[in-house]
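Scroll down for the structure; my scribbles are underneath it.
Where a number appears in this text, it was derived from the coordinates with a stated rule and is not lab data. Small disclaimer: the values here were computed from a predicted structure and weren't measured. With ideal geometry, Cβ positions are generated from the backbone for all residues, glycine too; neighbour counts draw on all protein chains shown.
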Amino acid sequence: MSEDVLFQLKHVSKGFVKGKEKISIFDDLNMSIERGDFVAIMGPSGSGKTTLLNMLGGVDQPTGGEIWFDGTRIDSLSESALTRWRAENIGFIFQFYNLMPMLNAQRNVELPLLLTKLSKAQRRKNVETALALVGLSDRAKHMSSEMSGGQQQRVAIARAIVSDPKLILCDEPTGDLDRGTADEILEMLQLLNRDHGKTIVMVTHDPAAAKYAKRTLHLDKGQFVQREIVA
Amino acid sequence: MGSLIAQILSVTLMNLGSLRRRLWMSLAMVLASAVVVAILLAFLAMAKGFEETMRGAGSSQIAILMREGSSSELSSAILQDQVNLLSESAGIARSANGPLISPELYVIVDGIKKSTGTEANIPLRGLNKTGMAMRTSMRLVRGRMFTPGTNEMIVGEGVLREFSGFEIGKEVRFGKNLWTVVGVFSTGGNIFESELWADIKIIQSHYNRGSSYQSIRLQLDNDGGLGSIKETIAREPRLNLEAQSEREYFASQGKQLQYIATFGWVISAVMALGALAGALNTMYTSVADRAKEIATLRALGFSNFSAFCGTIAEAMVLAVAGGLLGSLAAYLFFDGLNTSTLGGSFTQVVFRFEMSPDLFLQGAILALAIGFISGFFPAWRAARMPVIVAFRHAA
Ligand SMILES: Nc1ncnc2c1ncn2[C@@H]1O[C@H](COP(=O)(O)OP(=O)(O)OP(=O)(O)O)[C@@H](O)[C@H]1O
Ligand SMILES: [Mg+2]
């Protein structure tokens, strides 16, 4: 395994049981993601993009095969070990932001830091840095209900990076935003990848969004397929 | 560890912060818990007040004697000869006028309750000078003492409060006899205040008791005391009496109403089951309502234990808020409330509901139990919430 490989999927299969039917989504899926990569994952609806992202993030388990992250096999970790692993290594960005509506921006961003040993003062400093990075220093005390979709997603990005995770996973991060706002968010992700060395995996339907990534993987019928990008 | 507490604390605060979204359900849970706790406290306060009244009534320096096998004065009978025999016993305190021994009569008369307008029993006690002198806590509040040999009586403050027609100067008819109220007495809040007192000779003749009595009260001396009295009774076959200290007697009468406390617990337990059903529903709804937030926190790395604790804590806060509300209501409505009930001897005993810290503690325990049980299963569900819920495409 190369030093630079952060993520590796070996012969991963995944199926669901729906009633009496068994649905197979992946059967022998293989891939690796290198440190510092920015990967877009595209594919038709129902092709398993979210399922794949969930397995990478340790919130869903494969039926078979192995998932390795930075030298650790994560698919066999216990629930609580996996929870700690997520806290240390993964930042999530969701399509619908998933901010806590009863907390202001600052408190939302602080959440992952409550899982660390940082002091209150250090937490405050890190939160300020993260909010500054997404350009929301002046909105620290605002509630999410008082913010636009783009602003909420920027708070969510600040939350995803505040504990300095190795990997950021995004599921349709711009799916709920207009073009202009989407571009701002995507530029921000690009900046995090380029200037801060974050590895990013992003699921998207949008070819324009995928262009911000370093490379794009097309998922279809449970396999990655080569595809000409039609602009 | 510090991180775990921080997690639990922040999850709990977030839950409470989201209560507004489930305002009415949450209030219903608070209210149900309040009602259950208030009802429990009402029963407990009643039992407690009764017990206190009965306990306060007795002195350990006074012995009360009744016929063997009689559990109360009403079913007892004692003859003049027995009184005479007993007067010679050791263990009785003496004054210049002889032994402090008071044979007493105890009959039941009817009165009209102010609260309901219905008839209820009141004890009418006949005593002599010695009997009066032995009741050191007795104080005339208004009017004067009855004159021996006349149809005059004095009334306890409790009777005056609960029954109509016993004001000073009023004439009261019991059977074919007309009595006049000449005074009001207090005995410091204990059971004697629920009685009417008159001259024993007059009651003996009005109620055809000849020279018989129902109980004997005597002041114990500091040497042999109750022990000497019991020895005398054991030695003398004509004294088929039982002796106990007045304190023991009233305490045992007071215990008879402990079933009220038990009954209160049973009633509240049944009602608590109903409250629990509602509370469980509230908490399951809460977990469903917060599903996406719970799953998101789990995705960020919050433990499932914090999701569990946060839910339990929410249930506890709601149930305990209800408990506090119920306690406050019970305190405002019931503490110090006067009431009367059938005593051990089927007469009206006037007493106050009495709240005390240990009753509130019992109420708190009930509220905590409601909170814990109604929180436990929903909390379990919260802890088992699949994290992928966070990615569901429903906003
Ligand atoms: N928990 C589940 N139980 C049963 N089937 C599931 C479950 N989760 C996903 N699936 C099925 O797996 C397939 C892939 O779902 P997934 O959400 O990964 O697709 P997707 O590529 O993200 O689609 P979209 O573009 O619509 O988000 C779908 O057919 C879906 O119905
Ligand atoms: Mg999807």
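Figures for the structure shown
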item: Verdict on residue B:173 being loosely packed, with under 15 Cβ neighbours inside 10 Å and outside any loop (DSSP other than H, G, I, E, B); result: yes
item: Meets criteria (part of a helix (DSSP H, G or I) and more than 24 Å from residue A:182 (Cα to Cα)) for residue A:118; result: no
item: Among (1) within 16 Å of ligand 2 (Cβ to nearest atom); (2) within 14 Å of chain B (Cβ to nearest Cβ); (3) free of Cβ contacts under 8 Å to residues at least 40 places away in the same chain, the one test that residue A:97 misses; result: (3)
item: Selection within segment A:1-26 - within 23 Å of the chain's Cα centre (by Cα) and of a type in the set (Asp, Glu); result: A:3, A:4
item: Hits in segment A:54-86 (condition: surrounded by fewer than 22 Cβ atoms within 10 Å (Cβ to Cβ), within 9 Å of chain B (Cβ to nearest Cβ) and either under 14 Å from the mean Cα position of the chain (by Cα) or within 16 Å of ligand 1 (Cβ to nearest atom) (or both)); result: A:60
item: Selection from segment B:59-109 of residues that are more than 27 Å from the chain's Cα centre (by Cα), assigned to a loop (DSSP other than H, G, I, E, B) and hydroxyl-bearing (Ser, Thr, Tyr); result: B:89
item: Qualifying residue in segment B:120-139 (condition: among the aliphatic types (A, V, I, L, M) and over 22 Å from residue B:73 (Cβ atoms)); result: no
item: Candidates A:149, A:175, A:91, filtered to the one that is within 13 Å of chain B (Cβ to nearest Cβ) and surrounded by 19 or more Cβ atoms within 10 Å (Cβ to Cβ); result: A:91
item: Selected residue (criterion: surrounded by the fewest Cβ atoms within 10 Å (Cβ to Cβ)) from residues of segment A:11-37 that are among the β-branched types (Val, Ile, Thr) and more than 16 Å from ligand 2 (Cβ to nearest atom); result: A:17
item: Residue among B:54, B:14, B:25, B:46 that is in contact (Cβ under 8 Å) with a residue 24 or more places away in the chain and within 14 Å of chain A (Cβ to nearest Cβ); result: B:14
item: Members of segment A:3-50 that are within 16 Å of ligand 1 (Cβ to nearest atom), over 14 Å from residue A:224 (Cβ atoms), away from chain B (no Cβ under 14 Å) and outside any strand (DSSP E or B); result: A:19, A:20
item: Residue list for segment B:219-242, filter: touching a residue at least 12 places away in the same chain (Cβ under 8 Å) and either under 23 Å from residue B:147 (Cα atoms) or of a type in the set (Lys, Arg) (or both); result: B:230, B:238
item: Helices (runs of 4 or more DSSP H) (entirely within segment A:138-231) containing at least 3 residues that are more than 16 Å from ligand 2 (Cβ to nearest atom) and among the hydrophobic types (A, V, I, L, M, F, W, C); result: A:149-161, A:179-196
item: Residue selected from segment A:38-62 under the condition within 19 Å of residue A:209 (Cα to Cα) and touching a helix residue (DSSP H, G or I) at 6+ places or on another chain (Cβ under 8 Å), by the criterion nearest to ligand 2 (Cβ to nearest atom); result: A:50
